[in-house]
Amino acid sequence: APQTAFVEQGTFVETVSASGNLQPVASVSATSEVDGIVGEVLVAEGDAVAEGQTLFTVVNDDLDKAVKQAAQGIEEAKNGVAQNAVNDAYHAKSAGQQAAARAQEQAQAAAAAAKEAGAATPASDASGASFDEAGADSAIRNAELALSSANLALQNAQSAYDEAVARAAKRTVTASIAGSVVAVNIEPGKALGATANAAASPVQIADLSQMTVSINVNEIDILKITADQTAEVAFTAAPDLTLPATVVSIATTSAGSGDAAGGAMYGGMGGAVTY
């Protein structure tokens, strides 16, 4: 006999399923900014690393030589800084002015004594009383210019040294993020890039605490999905594991389409447009 039931109002739930690839949200490639030979490799695949932790080192003797040469340049530049020359020029000017003043006082005293004695006034010794102040000022300016040039040379030498030290420090490669080492493509003693897969990064680090899934959804089903919608993620390798997820974004252009002649066709010719 037919079965009957009372009509009830409820919520209709429709789901959309699609498969894709699981990837970490944050993944970085740890590469060296200088060339050389791989020194120590301090991590292995699967290791957990903290931000700033040393991953590997690079051997490059030329960088050490550059640091030594830059340090020698600083010492040479320091020897050229002659502050004493400026001080001596000022002292020479002061001593000359004082000597001229004393000579002038002596000449005036001699003239006064001769006048009191009724003798003829002696001719003043111009060479003793006069002072070449313009020449002394010129000597001071020259000493100050030489000092300024020497200080500039010292600054340039210090900058060259700082750059050499900073470049040498780049032989130590550290992790820019905290995470897990997912790939190591270098070996000690080999030149950087001289690996079986030279295009791969030396060390790849990923933050596996946050993951994202990129999936392709049929153009009919994509209309049922919106950003910030909740979802669930299941894993083929772990059938009992289901994790909550959120739709982050939906592409504005399609990722794939059917054949060029028939457009998007279903159930036969061509493939579906996906987003």
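Below are the figures for this structure:
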item	result
Verdict on Ala183 being hydrophobic (A, V, I, L, M, F, W, C), open to solvent by less than 80 Å² (accessible area, probe 1.4 Å) and at pLDDT 90 or above	yes
Residues being in a helix (DSSP H, G or I) and touching a residue at least 12 places away in the same chain (Cβ under 8 Å) - total across the stretch 164-183	4
Selection count, the stretch 198-207, where residues are crowded, with 16+ Cβ neighbours inside 10 Å and of a type in the set (A, V, I, L, M)	3
Criterion violated by Gln210 - all others in (1) within 30 Å of Ala175 (Cα to Cα); (2) at pLDDT 90 or above satisfied	(2)
Residue in the stretch 127-134 that is over 30 Å from Ala206 (Cβ atoms), of a type in the set (Ser, Thr, Tyr), modelled with pLDDT of 70 or more and part of a helix (DSSP H, G or I) present	no
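Matching residues to (1) out of contact with any Asp or Glu (no Cβ under 8 Å at 6 or more places or on another chain); (2) of a type in the set (S, T, N, Q); (3) surrounded by 17 or more Cβ atoms within 10 Å (Cβ to Cβ):
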site: Thr172; (1), (2), (3): yes, yes, no
site: Gln210; (1), (2), (3): yes, yes, no
site: Ser214; (1), (2), (3): yes, yes, no
site: Val217; (1), (2), (3): yes, no, yes
site: Gln229; (1), (2), (3): yes, yes, no
site: Val233; (1), (2), (3): yes, no, no
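The values are calculated or read from the model by the stated rules, or taken from the named source; none is laboratory data. Fair warning: this is a prediction, and the values are worked out from it, not measured in the lab. Glycine also receives a Cβ, built like all others from the backbone with ideal geometry; neighbour counts cover every protein chain displayed. Accessible surface is based on the protein model in full, side chains and every heavy atom, while ligands, DNA and RNA are left aside. Shrake-Rupley method; radii C 1.70, N 1.55, O 1.52, S 1.80 Å.
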